[in-house]
Amino acid sequence: MHKTLTTLILTATVGLAQADMMTHKVDYQIDGEPYQGLLVYDEAVTEPRPGLLMVPNWMGVTDNAAEKAYRAAGTDYVVFVADLYGRDMRPADAKQASAAAGKVRADRALMRKRVNAALEVFKTQTDRVALDTERLGAIGFCFGGTAVLELARSGTEIGGVVSFHGNLDTPDPEDAKAIRMPLLVLHGADDPYVPPEQVAAFEQEMRSAGVADWQLLSYGGAVHSFTDPTAKVKGQAEYHPVVAERAFAQMRSFFGEVLAD
């Protein structure tokens with residue numbers, strides 16, 4: 001485990017009215033600073049399950065992020081929602097979220113450090129939930145999609161990552177040579193924040209780096225945030241229920257393959 005990272009306390013168990021889903025707040029530290037993620041799972045399942053590290057959108061660790069984690073977890077996975085801002089930074093609105101996300105996006109080494117630290121915390125949760133730490137993946141939404149791609153570019157080895165409507169740019173495309181895991185990118189074909197030029201640059205990055213296993217699926221008629229029911233900016237960031245269901249189905253198929261026993 002990262003030497004500057006210590007799991008402190010697991011508190012505030014809350015039973016939620018969705019099947020037998022449970023959420024636990026998990027406090028931890030990075031370089032002496034406090035962070036707080038969420039452990040989400042169906043408590044009715046007692047056999048060890050694969051785990052998915054989840055990096056939420058730019059609003060960070062919220063009730064909306066927990067709902068997304070429930071949807072991803074189902075009965076098949078344990079999900080840990082990572083905190084990339086710190087326990088004391090919970091954006092109240094888009095302006096604050098933009099500032100918080102912008103700070104992390106501008107420092108990819110910092111982004112990689114925080115997402116890798118959260119992954120290490122996740123691995124320590126086996127005394128709280130039946131988690132198979134030999135079968136781990138990562139998912140991210142919008143800002144979080146960028147973060148899990150940077151997790152891959154950092155050279156970390158887990159089963160695979162899935163980016164939902166995330167930005168695909170990176171300061172140094174050469175870093176893709178460190179990728180050691182399969183990638184699945186789920187993209188809204190009409191996303192104004194991830195234009196065709198960025199998509200083409202990502203594809204070239206993958207080819208030039210010789211990444212062995214990557215997929216990019218573009219959904220016609222979908223824009224940014226297509227999995228987020230709260231996204232209502234028409235033509236820019238907007239929920240698309242049909243595409244969202246297709247995207248989650250692709251995620252399940254992907255992890256069914258790469259995290260198979």
Check your understanding: If you go through region 207-223, how many residues are open to solvent by less than 20 Å² (accessible area, probe 1.4 Å) and in contact with a His (Cβ under 7 Å, 6 or more places away or on another chain)?
Key -> 1
Practice item. Taking only region 180-206 into account, find how many residues are open to solvent by 20 Å² or more (accessible area, probe 1.4 Å) and farther than 23 Å from Gly102 by Cβ. Key: 8
Practice item. State all residues of region 240-255 that are without any contact (Cβ under 8 Å) to a residue 60 or more places away in the chain, within 16 Å of Ser163 (Cα to Cα) and not polar (S, T, N, Q); if no residue qualifies, say none. Key: Val243, Ala244, Glu245, Arg246, Ala249
**Study point:** Matching residues, region 226-261, being in contact with a Gly (Cβ under 8 Å, 6 or more places away or on another chain) and open to solvent by less than 20 Å² (accessible area, probe 1.4 Å)
**Key:** Phe226, Val243, Phe254, Phe255, Leu259
Review point. Quick check: is even one residue across region 11-19 closer than 25 Å to Arg252 by Cβ and modelled with pLDDT of 95 or more?
Key: no
**Study point:** Condition met for Gly51 (closer than 19 Å to Asp261 by Cα, modelled with pLDDT of 95 or more and open to solvent by less than 10 Å² (accessible area, probe 1.4 Å))
**Key:** yes
**Study point:** Criterion: among the aliphatic types (A, V, I, L, M), under 27 Å from Phe254 (Cα atoms) and modelled with pLDDT of 95 or more - qualifying residue of Val26, Val45, Val40
**Key:** Val40
Revision key, fill the gap. Only one of Arg87, Arg71 is more than 22 Å from Leu259 (Cβ to Cβ), of a type in the set (D, E, K, R) and over 12 Å from the mean Cα position of the chain (by Cα), namely Arg87
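The rows are residues; the columns are (1) in a loop (DSSP other than H, G, I, E, B); (2) under 19 Å from the mean Cα position of the chain (by Cα).
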site: Tyr193; (1), (2): yes, yes
site: Phe202; (1), (2): no, yes
site: Val211; (1), (2): yes, no
site: Thr227; (1), (2): yes, yes
Practice item. Inspect all residues belonging to region 151-168 and state whether any of them is among the acidic types (Asp, Glu), open to solvent by 30 Å² or more (accessible area, probe 1.4 Å) and more than 30 Å from Thr46 (Cα to Cα). Key: no
Exercise for review: Scan region 74-131 for residues that are within 21 Å of Asp63 (Cα to Cα) and hydroxyl-bearing (Ser, Thr, Tyr) and report the count.
Suggested key: 4
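The values are calculated or read from the model by the stated rules, or taken from the named source; none is laboratory data. Worth saying up front: this structure is predicted, and the values here are computed from it rather than measured. A quick note on method: Cβ atoms are made from the backbone with ideal geometry, for glycine too, and the neighbour counts reach across all protein chains shown. In case anyone asks, the SASA skips ligands and DNA or RNA and just uses the protein heavy atoms, side chains included. Shrake-Rupley method; radii C 1.70, N 1.55, O 1.52, S 1.80 Å.
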